[in-house]
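The values are calculated or read from the model by the stated rules, or taken from the named source; none is laboratory data. Owing to the predicted nature of the structure, the values given are computational and were not obtained by experimental measurement. Quick reminder, even Gly has a Cβ in these numbers, built from the backbone with ideal geometry, and neighbours come from all protein chains shown. Ligands, DNA and RNA are stripped out before the accessible areas are found, and what is left, the full protein with its side chains, is counted by its heavy atoms. Shrake-Rupley method; radii C 1.70, N 1.55, O 1.52, S 1.80 Å.
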Amino acid sequence: MNSSATKPFFWCAIIAQVAGAQLFFWDALPDYRELTAGDIVVGTPKDFAIAVFGLVIMQSAYWYSRRLQPQVRFSRRVLLGHVLLCVSEVSFFFVSALATVAMFDHWRRSQFVFWKLMLLGSAIFAFFCYKSQLASVGGALLEEQHEHANKATIEPKQTGKP
């Protein structure tokens, strides 16, 4: 596949990652609020399924887009690059805060079982991958990509002497 044919698939995979992240956020946000209020959170099987589905979407799209990214040429888009870098940093904040509250503030009160720890670990990994992808794309959008980027050229200086 050439770059122009790959680009729509790549951006669809990025959008799928965003959708999976939003699905996870909206599912986990009420649990996070309960944890920070000091309540004990009892997730339903539906909550678990939604969270896992969001993480599966994120991971599937990440690994697919990671394979496509070297084939995609990015135009310089400074504003979009900065927005993606900002979103990448902020996106990891929520899952880190959720993990911190769950692990350190509620470890003794909650009944943690292996699958809950695996879900939390999977969420941290999925959001790390998502953060890395967005940061990589954001960085690529900030760089100027020239056709002859690998060739070093030295321009002679005009000294005024013959």
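Descriptive notes on the structure:
- Beta carbons closer than 8 Å, at least 6 apart along the sequence or on distinct chains, pair a first residue in region 68-91 that is farther than 16 Å from Cys129 by Cβ with a second that is modelled with pLDDT under 90 and acidic (Asp, Glu) for Phe74/Glu143; Arg76/Glu143; Arg76/Glu144.
- Which listed residue, of Val95, Val41, is under 16 Å from Tyr130 (Cβ atoms), modelled with pLDDT under 90 and open to solvent by less than 50 Å² (accessible area, probe 1.4 Å): Val95
- Exactly one residue out of Gly81, Gly138 is in contact with a His (Cβ under 8 Å, 6 or more places away or on another chain), at pLDDT 75 or above and part of a helix (DSSP H, G or I), and it is Gly138.
- Summed over region 44-64, residues that are among the small types (Gly, Ala, Ser) and modelled with pLDDT under 95 total 3.
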